[in-house]
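Chemist: To start, I am sharing the structure in question, which I have written as structure tokens.
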Amino acid sequence: MNRQESLASIVSAGCAVYGRRKGLSARELFNEALDDLFSNASRLNRSDVKALYIGQAFEDFEHQANTAAGFANNYGFENIPYTRIDSVSASGGSSLRQGVLGILSGEFDLLLDLKRDQSF
């Protein structure tokens, strides 16, 4: 394999407004970040996304057992696999790793990897 060949790439990024945002759910913050992501990549469409990985510790803040499904369906992603990864403070890095492995394995050609951090 040619070492200069790209194996997996980050093609866009989005972010919700940073800071303590009381009263907003994780779903609302993810929607804000996804709106930003898609506005930064005009050629990227929701229908291009083949999987969704969410790094989120302590889902009990949302009072919902499977937050990944709710986030995916709320934003209009249908019929794609979605996975929430909880490895406490390493959830973001762990979900990114799983996303890269999904690309490298050939299972997906484009996916979203989201991270949410809860401030106490």
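Laboratory data are not the source of any read-out in this text; all were calculated from the coordinates shown. All of these numbers come straight from a predicted model, not from anything done at the bench. Every residue, glycine as well, gets a Cβ built from its backbone with ideal geometry; the counts of neighbours run over all protein chains shown.
Chemist: How would you rank 98-106, 20-28, highest first, on the average number of other Cβ atoms within 10 Å across their residues?
Modeler: Values: 98-106: 14.9, 20-28: 12.3.
Per-residue Cβ counts within 10 Å, averaged per peptide and sorted highest first, yield 98-106, 20-28.
Chemist: Tell me, what is the percent relative contact order of the chain, built from C-alpha pairs under 8 Å that lie six or more residues apart?
Modeler: Values: 167 pairs, mean separation 35.7, N = 120.
The normalised contact order for the chain reaches 30 percent.
Chemist: Throw me the Rg/Rh for the stretch 48-116, computed over C-alpha atoms with Kirkwood Rh, two decimals.
Modeler: Values: Rg = 11.6 Å, Rh = 12.0 Å.
In the stretch 48-116, Rg relative to Rh is 0.96.
Chemist: Using each residue's phi in the stretch 71-80, evaluate 6.51 cos²θ - 1.76 cosθ + 1.60 at θ = phi - 60° and report the 3J(HN,Hα) Karplus result to the nearest Hz, with x for Gly and Pro.
Modeler: Karplus-based 3J(HN,Hα) across the stretch 71-80 equals 5, 4, 5, 4, 8, x, 7, 10, 6, 10 Hz.
Chemist: So, one more: Nearest 10 degrees, 0 to 90: what angle lies between the long axis of helix 26-40 and the longest principal axis of the chain (Cα atoms)?
Modeler: It is inclined by approximately 40 degrees.
Chemist: Which ³J(HN,Hα) values, rounded to whole Hz and listed in residue order, are derived for the stretch 48-53 from phi using the Karplus coefficients 6.51, -1.76 and 1.60 in 6.51 cos²θ - 1.76 cosθ + 1.60 with θ = phi - 60°, glycine and proline given as x?
Modeler: Once rounded to whole Hz, the list reads 6, 6, 9, 6, 9, 10.
Chemist: Oh, and also: Need one number: the % of Cα-Cα pairs in the chain sitting beyond the 22 Å mark.
Modeler: Details: 2292 of 7140 pairs.
That tail contains 32 percent of the Cα-Cα pairs.
Chemist: While we're looking at this one, here's another question. Counting only C-alpha contacts under 8 Å and six or more residues apart, can you give the relative contact order of the stretch 48-116 as a whole percent? Before the final figure, lay out each step's value.
Modeler: On the way: 117 pairs, mean separation 34.1, N = 69.
Taking the mean separation of contacting Cα pairs over the length of the stretch 48-116, I get 49 percent.
Chemist: Pull up all non-local amide H partners of Ile85: gap of 5 or more, or a different chain, and H-to-H distance under 5 Å with H placed in the peptide plane.
Modeler: Correct list: Ile54, Gly55, Gln56.
Chemist: Sticking with this structure for a sec: Which value at 222 nm does the chain reach when only helices count, each DSSP H run of 4 or more adding -39,500 (n - 2.57), with the total divided by all residues and rounded to the nearest 500 deg cm²/dmol? Write down the numbers at each step before the final one.
Modeler: Values: 3 runs with 38 residues, N = 120.
-10000 deg cm²/dmol, from helical runs alone.
Chemist: Under a 5 Å amide H to amide H cut-off, with H placed in plane at 1.01 Å, what residues pair with Asp113 once short-range neighbours are removed?
Modeler: So Asp113 has HN proximity to Tyr53.
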